[in-house]
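Undergrad: Sharing a structure below in structure tokens format, with a few things to ask.
The values are calculated or read from the model by the stated rules, or taken from the named source; none is laboratory data. Keep in mind that this is a model prediction, so the values were computed, not measured. Every residue, glycine among them, receives a Cβ derived from its backbone with ideal geometry; neighbour counts consider all protein chains shown.
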Amino acid sequence: MRIIAGKHRGRALASVGKGDAAAHLRPTSDRVRESLFNVLAGGYGDPAQGARVLDIFAGTGALGLEALSRGAATVSFIENGRKALGLLHQNIALCRAEDQTRIFKADARRPGVNPGAPHDLVFLDPPYGKGLGEAALAAALVGGWIAESALIVWEESAGITPPDGFQLIEERKYGDTTIRFLERIA
């Protein structure tokens, strides 16, 4: 795994190694991440630039750190897996991004109230096929984590049902991964 573009282009991230089956770590591949950010830059006016980014089910943090490399102002990570938190801390240090990032050790389905400004760009990458994305997105909305008109990028293999307050704009399929783009609606 590496950062694809921006100021940290080519930087290798900490290896998941053999992984931890219980941790459900499934980092977004470099190819899918590159395609995703190309879609964002081409069709959505490069929403990472200057954005406050929220990475829910952050895992290794590759999506949020890619956004930071491409010009995001800050990234907040929500993660509670022990193995994932260790990798996340390593990757933030590798990118020397401690001043631009915050880690919230919390269950993504119950993140609590956001202590800061709401986020403009949200990455949501729950464990596949467990229906956790809907609960996490609804809880993030209630907790004030998501700004009005925010763009949500949801990676999932199964079908989804956007919670109230969100509208599906587009979806793209990459192998067994489907990336869906949603927007927060009033």
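Undergrad: List pairs: first in the stretch 63-89 and within 13 Å of VAL16 (Cα to Cα), second among the β-branched types (Val, Ile, Thr), Cβ under 6 Å, 6+ apart or cross-chain?
TA: LEU87/THR60
Undergrad: Looking only at the stretch 160-173, decide whether some residue is crowded, with 17+ Cβ neighbours inside 10 Å and assigned to a strand (DSSP E or B). Don't jump to the end; show me each part of the working.
TA: Looking only at the stretch 160-173, we keep the residues that are crowded, with 17+ Cβ neighbours inside 10 Å, and these are 160, 162-163, 166.
Filter once more, so that each one left must be assigned to a strand (DSSP E or B): 166.
Taking every residue of the stretch 160-173 in turn, at least one turns out to be crowded, with 17+ Cβ neighbours inside 10 Å and assigned to a strand (DSSP E or B).
Undergrad: Check VAL32, VAL16 and return the single one that is over 22 Å from ALA117 (Cα atoms) and at pLDDT below 75. Lay out the reasoning, then the answer.
TA: Details: VAL32 fails: at pLDDT below 75.
Of VAL32, VAL16, the one residue that is over 22 Å from ALA117 (Cα atoms) and at pLDDT below 75 is VAL16.
Undergrad: Filter the stretch 37-57 for residues that are on the phi < 0 side of the Ramachandran plot and touching a residue at least 40 places away in the same chain (Cβ under 8 Å) and give the result. If you could, list the steps in order and put the result at the bottom.
TA: Residues of the stretch 37-57 that are on the phi < 0 side of the Ramachandran plot, as a first pass: 37-44, 47-49, 51-56.
Answer for the stretch 37-57, where residues must be on the phi < 0 side of the Ramachandran plot and touching a residue at least 40 places away in the same chain (Cβ under 8 Å): VAL39, LEU40, GLY43, TYR44, PRO47, ALA48, ALA51, ARG52, VAL53, LEU54, ASP55, ILE56.
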